[in-house]
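The values are calculated or read from the model by the stated rules, or taken from the named source; none is laboratory data. Treat the numbers as computed from the prediction; the structure is a model and nothing was measured. Every residue, glycine among them, receives a Cβ derived from its backbone with ideal geometry; neighbour counts consider all protein chains shown. Keep in mind that these areas ignore ligands, DNA and RNA; they rest on the heavy atoms of the full protein, side chains included. Shrake-Rupley method; radii C 1.70, N 1.55, O 1.52, S 1.80 Å.
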Amino acid sequence: MKKDEEYMRLAIIEAGKALEIEEVPIGAVVISKGEIIGRGYNLRENTNDPTAHAEIIALKNAAANLNSWRLDECSLYVTIEPCPMCAGAIVQARIKRLVYGAKDPKAGAAGSLYNIVRDKRLNHQVELKAGVLAEECGDLMKGFFRKLRK
């Protein structure tokens, strides 16, 4: 879907902001009715906050903008597959649809290691689309870690 790529490019812009401040380059945007209502990028290193993941920041921003924790008509676009913490937050926020770029084989909780967002034992399941601009999203991460190792 063309819109999915358009919104993922916005998440990639957020990831670039993280890269500029030497954070792991993950970005996220929350979309409601075609508008960005939340955005975020990783800030763990700069804030010393283990919960300062792009998704959490974007969800908090969206909830504040809607004045509601229920984001049941919203879609979340994130450059990398969410971790267990973020997948749990996505379910708790009642996000309608999750779209992510590259898989995370080491910590992914939306299909790789777990699939928290689709787990029928939970009280909410999220529509899921993986692999949107996956190569571009994955290259951001690979480049970051390659540079870090040097």
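Kindly provide the set of residues from the stretch 82-110 that are open to solvent by less than 30 Å² (accessible area, probe 1.4 Å), of a type in the set (A, V, I, L, M) and either in a helix (DSSP H, G or I) or farther than 21 Å from L140 by Cα (or both), ordered by number. Write out each step before concluding.
As a first pass, look at the stretch 82-110 and keep what is open to solvent by less than 30 Å² (accessible area, probe 1.4 Å): 82-83, 86-91, 93, 95, 98-102, 108-110.
Still in the running and of a type in the set (A, V, I, L, M): 87, 89-91, 93, 95, 98-99, 102, 109-110.
Of everything in the stretch 82-110, those that are open to solvent by less than 30 Å² (accessible area, probe 1.4 Å), of a type in the set (A, V, I, L, M) and either in a helix (DSSP H, G or I) or farther than 21 Å from L140 by Cα (or both) turn out to be A87, A89, I90, V91, A93, I95.
Do we have any residue at all in the stretch 57-76 that's in a strand (DSSP E or B), modelled with pLDDT of 95 or more and out of contact with any His (no Cβ under 9 Å at 6 or more places or on another chain)? If you could, list the steps in order and put the result at the bottom.
At the first step, the residues of the stretch 57-76 found to be in a strand (DSSP E or B) are 75-76.
In the following step, the residues that additionally are modelled with pLDDT of 95 or more were identified as 75-76.
With out of contact with any His (no Cβ under 9 Å at 6 or more places or on another chain) added as a condition, the list becomes 75-76.
Scanning the stretch 57-76, I find at least one residue that is in a strand (DSSP E or B), modelled with pLDDT of 95 or more and out of contact with any His (no Cβ under 9 Å at 6 or more places or on another chain), so the answer is yes.
Can you name the residue in the stretch 32-46 that is part of a strand (DSSP E or B) and among the aliphatic types (A, V, I, L, M) and is also least open to solvent (accessible area, probe 1.4 Å) among such residues? Working first, answer last.
Residues of the stretch 32-46 that are part of a strand (DSSP E or B), as a first pass: 32, 35-41.
Pick out the ones that are also among the aliphatic types (A, V, I, L, M) and you get 36-37.
Numbers: I36: 56, I37: 24 Å².
Checked the stretch 32-46; the qualifying residue least open to solvent (accessible area, probe 1.4 Å) is I37.
For (1) open to solvent by 60 Å² or more (accessible area, probe 1.4 Å); (2) more than 26 Å from K2 (Cβ to Cβ); (3) touching a Pro at 6+ places or on another chain (Cβ under 8 Å); (4) of a type in the set (K, R), each residue gets a yes or a no:
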site	(1), (2), (3), (4)
L122	yes, yes, no, no
K129	yes, no, no, yes
A134	no, no, no, no
G138	no, no, no, no
L148	yes, yes, no, no
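When the residues of the stretch 1-30 are narrowed to those that are β-branched (V, I, T) and over 12 Å from the mean Cα position of the chain (by Cα), which ends up most open to solvent (accessible area, probe 1.4 Å)?
Of the stretch 1-30, the ones β-branched (V, I, T) are 12-13, 21, 24, 26, 29-30.
In the following step, the residues that additionally are over 12 Å from the mean Cα position of the chain (by Cα) were identified as 13, 21, 24.
Working: I13: 100, I21: 67, V24: 32 Å².
This residue is I13.
Which residues, counting only those in the stretch 111-139, are under 14 Å from the mean Cα position of the chain (by Cα), over 20 Å from M85 (Cβ atoms) and part of a helix (DSSP H, G or I)?
A134, G138
I'd like to verify a number: residues in the stretch 61-111 that are of a type in the set (S, T, Y) and touching an Asp or Glu at 6+ places or on another chain (Cβ under 6 Å), how many?
Taking the stretch 61-111 as the starting set, the residues that turn out to be of a type in the set (S, T, Y) are 68, 75, 77, 79, 100.
Checking the rest, the ones that are also touching an Asp or Glu at 6+ places or on another chain (Cβ under 6 Å) come to 100.
Selection size over the stretch 61-111: 1.
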